[in-house]
1. Could you check residue 224 against (1) touching a residue at least 12 places away in the same chain (Cβ under 8 Å); (2) within 22 Å of residue 157 (Cβ to Cβ); (3) part of a loop (DSSP other than H, G, I, E, B) and say which number it fails?
2. At pLDDT 95 or above, out of contact with any strand residue (DSSP E or B) (no Cβ under 7 Å at 6 or more places or on another chain) and under 28 Å from residue 107 (Cβ atoms): which single residue out of 200, 244, 167 fits that description?
3. If you go through segment 236-268, how many residues are assigned to a strand (DSSP E or B), more than 22 Å from residue 182 (Cβ to Cβ) and in contact (Cβ under 8 Å) with a residue 24 or more places away in the chain?
4. Could you tell me whether segment 90-109 includes any residue that is over 24 Å from the mean Cα position of the chain (by Cα) and without any contact (Cβ under 8 Å) to a residue 40 or more places away in the chain?
5. Out of the residues in segment 212-227 that are surrounded by 10 or more Cβ atoms within 10 Å (Cβ to Cβ) and closer than 19 Å to residue 190 by Cα, state the one that is modelled with the lowest pLDDT.
6. If I filter segment 98-106 for residues that are exposed (fewer than 13 other Cβ atoms within 10 Å of the Cβ), over 15 Å from residue 125 (Cα atoms) and at pLDDT 95 or above, do I get at least one hit?
7. Does segment 173-195 hold any residues that are under 13 Å from residue 235 (Cβ atoms) and either part of a loop (DSSP other than H, G, I, E, B) or in contact (Cβ under 8 Å) with a residue 24 or more places away in the chain (or both), and which are they?
8. In the list 126, 76, 95, which residue meets the criterion of being in contact with a strand residue (DSSP E or B) (Cβ under 9 Å, 6 or more places away or on another chain) and crowded, with 17+ Cβ neighbours inside 10 Å?
């Protein structure tokens, strides 16, 4: 069967219907190409302000070329555009497959995501969502909380081999993983948890040692891990002139105290 050049754009447009549920489908997309149950969603569920988000949806594996995806923000609409794979001629629907697309982090408010195929004026997906603000505790004075996010990989560029990974949640809880070497030059890792913010830039919590079954065991028993508090840790992110992106890290493990100057490692 031969196809005229005029028929190809119509076939390509017909392949673009890929979502259902709360997402709206462009009028030119045949409903027969829509997956049978809702799938598109913003994750994580019930996002809060400045929490990293991504879109999970189903796409046609032929018409959706992942390397062509671009994202921009137009007022409160996040616009995603994509093109078909230039090395494939999509004359029939391809296999549906799930994809995750990073959207970034946003202040509290109402937003929507629109996904466009190259050359289309109507989106094949329009998905509204809300980012909630963070409630405050009705006490005076209110408890301190950070106004910046310190998540990331931290360490000292002059001291390779050890480091600190921090994850700060939308509700300002901080969790850290510290990986170092002991006096016998053997690797050890600890977690930083159960802490509190003393002010907007200073956090103090516990250092916890975890032990468990060997990783090569085929089955991991539910009661196989043991957790022991072995000290405390303090992180001070106070901004100093000419030292942006640096912090002071003081921790005590089994009675020995160490103080380090660390910086956030930027991974592009």
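The values are calculated or read from the model by the stated rules, or taken from the named source; none is laboratory data. Note that this is a predicted model, so its numbers are computed, not measured. Counting neighbours? That spans all protein chains shown, and the Cβs are built from the backbone with ideal geometry, glycine included.
1. (2)
2. Unique residue meeting the criteria: 200.
3. If we filter segment 236-268 for residues that are assigned to a strand (DSSP E or B), which is where we start, we get 236, 246-253, 256-265.
Those still in the list that are more than 22 Å from residue 182 (Cβ to Cβ) too: 236, 246-248, 263-265.
Retained after the next criterion (residues that are in contact (Cβ under 8 Å) with a residue 24 or more places away in the chain): 236, 247, 263-265.
Selection size over segment 236-268: 5.
4. yes
5. Across segment 212-227, the extreme among qualifying residues is 224.
6. Filtering segment 98-106 for residues exposed (fewer than 13 other Cβ atoms within 10 Å of the Cβ) gives 98, 100, 102, 104.
If we keep only those that are over 15 Å from residue 125 (Cα atoms) too, we end up with 102, 104.
With the extra rule that they be at pLDDT 95 or above, the set shrinks to 102, 104.
Among the residues of segment 98-106, at least one is exposed (fewer than 13 other Cβ atoms within 10 Å of the Cβ), over 15 Å from residue 125 (Cα atoms) and at pLDDT 95 or above, which makes the answer yes.
7. 174, 176, 178, 192, 195, listed by residue number.
8. Values: 76 fails: crowded, with 17+ Cβ neighbours inside 10 Å; 95 fails: crowded, with 17+ Cβ neighbours inside 10 Å.
Only one candidate qualifies: 126.
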